[in-house]
Structure formats: C-alpha cells, structure tokens
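The values are calculated or read from the model by the stated rules, or taken from the named source; none is laboratory data. As the structure is a computational prediction, the values presented were derived from the model and not from experiment. Positions of Cβ are generated from backbone atoms using ideal geometry, with glycine treated the same way; all protein chains shown enter the neighbour counts.
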Amino acid sequence: MRIVFKIKNGKIQRGYMNIVTKHCKTILISALLVIVLMPIASCGGGGGGSSVSPTINYGNVDGYVYIPYGSPAARVAEATPTGYKPVEGAMAMATCGVASKSASTNSSGYFKIQTVPTGTCTIQIQIGEYTTTQYQVNVSANQTTRVGDAEGIKMTPVTHGAIRVTANVAG
C-alpha cells in the first residue's frame, strides 16, 4: 500500500492508492504462470514421464570344486577327477557389475549361486591354503552356467614356504 498526498482547495489531503489496482496485470500473469507450470513440474521428475521399470534378467551359476589328494587309487566318487577330492567349505563369489553374491561348497564340492544378473560375471573360488582361482562366465537369463571344465574346478595348493627333512642314516 502506498500513501498519496493531494492538495485540494489549499488543503493537504491524504489518500490511499491500492497496489493491486496498479499491478493487476503483473499479479494476473504470475498466477496464470503458476497454474500452467504446476502440472508440467509434477510429471515424475524429468524421466520422460514413463513409470515402467527396466527388466532385469537373472540366471544361476554352479560348479564343483576339488583339491589334490593322494594317488589315483584314492578316488572318492565316480565324478571326481583322478587324484582329487571334493572340498567342503570353499567360497564361491560371483561379481556381475556392482552386484556380488556368494555360496559355499557342500560335502560333494558343489556350489550354486542363484539369481545372478545376466551378462559377464567374474567367479572367484577361495579355500584356505589354496591359490584363489578366477573364471569369467557369461550368465544367460533363466539358465544355469557351469563354472570350470568338464572335470570341475581343480584348486592348486599355495606354493610358498619350505619343507625341512631330517633323516638319520645308520652306518
């Protein structure tokens, strides 16, 4: 609001002029802009207005893990490669992009990692005193991808350290 002073018949008169009447156009245009732009601003955050999420496909990864063991005569099961035995408790980890999942092997050396995102994944196998083994596999939707060759994953003992043998020779 603004105060206006007028001189009429030699006397100073005070009057008020309403701002709304002077700025009516400005207020009307501002109100129209708000009404028009509000529905546009609430379209879902600038994502094109679509509410459909992308489809992510999943598959599975499995395999058998074996460690070296004695002689060929010491086979544990028919499917076990000669000179190897299944290892329980090995950790298998699948890393597909930013997603990682893991599973442990059972007494048959078998592991299965379910609901792995499709695409190229790195599978890492670890167990105690054995060298960590890595594989690259391509996981397909609704399929189980076997890791390792036809005889499974054969772990290699860590090759560091020393063995000292002492013997007494008679004579």
Among (1) in contact (Cβ under 8 Å) with a residue 12 or more places away in the chain; (2) closer than 20 Å to Ile56 by Cβ; (3) within 19 Å of the chain's Cα centre (by Cα), the one test that Gln136 misses
(2)
Filtering the stretch 95-111 down to residues that are in contact (Cβ under 8 Å) with a residue 40 or more places away in the chain and not polar (S, T, N, Q), which residue is farthest from Lys154 (Cα to Cα)?
Cys96
One residue is enough: does the stretch 129-141 have a residue meeting the conditions within 15 Å of Pro68 (Cα to Cα), surrounded by 12 or more Cβ atoms within 10 Å (Cβ to Cβ) and of a type in the set (Gly, Ala, Ser)?
no
From the options Val169, Val76, residue that is modelled with pLDDT under 80 and in a loop (DSSP other than H, G, I, E, B):
Val76
Residues in the stretch 139-166 that are within 29 Å of the chain's Cα centre (by Cα) and either among the small types (Gly, Ala, Ser) or not in a loop (DSSP other than H, G, I, E, B) (or both): how many?
11
(1) in contact with a strand residue (DSSP E or B) (Cβ under 7 Å, 6 or more places away or on another chain); (2) assigned to a loop (DSSP other than H, G, I, E, B) all hold for Thr95 apart from (2)
If you take the residues of the stretch 79-92 that are outside any loop (DSSP other than H, G, I, E, B) and at pLDDT below 95, which of them is surrounded by the most Cβ atoms within 10 Å (Cβ to Cβ)?
Tyr84
Within the stretch 113-128, considering residues that are more than 18 Å from the chain's Cα centre (by Cα) and of a type outside the set (Gly, Ala, Ser), the one surrounded by the fewest Cβ atoms within 10 Å (Cβ to Cβ)
Gln126
Could we say that Ala31 is of a type outside the set (Lys, Arg), at pLDDT below 65 and either surrounded by fewer than 10 Cβ atoms within 10 Å (Cβ to Cβ) or assigned to a loop (DSSP other than H, G, I, E, B) (or both) here?
no
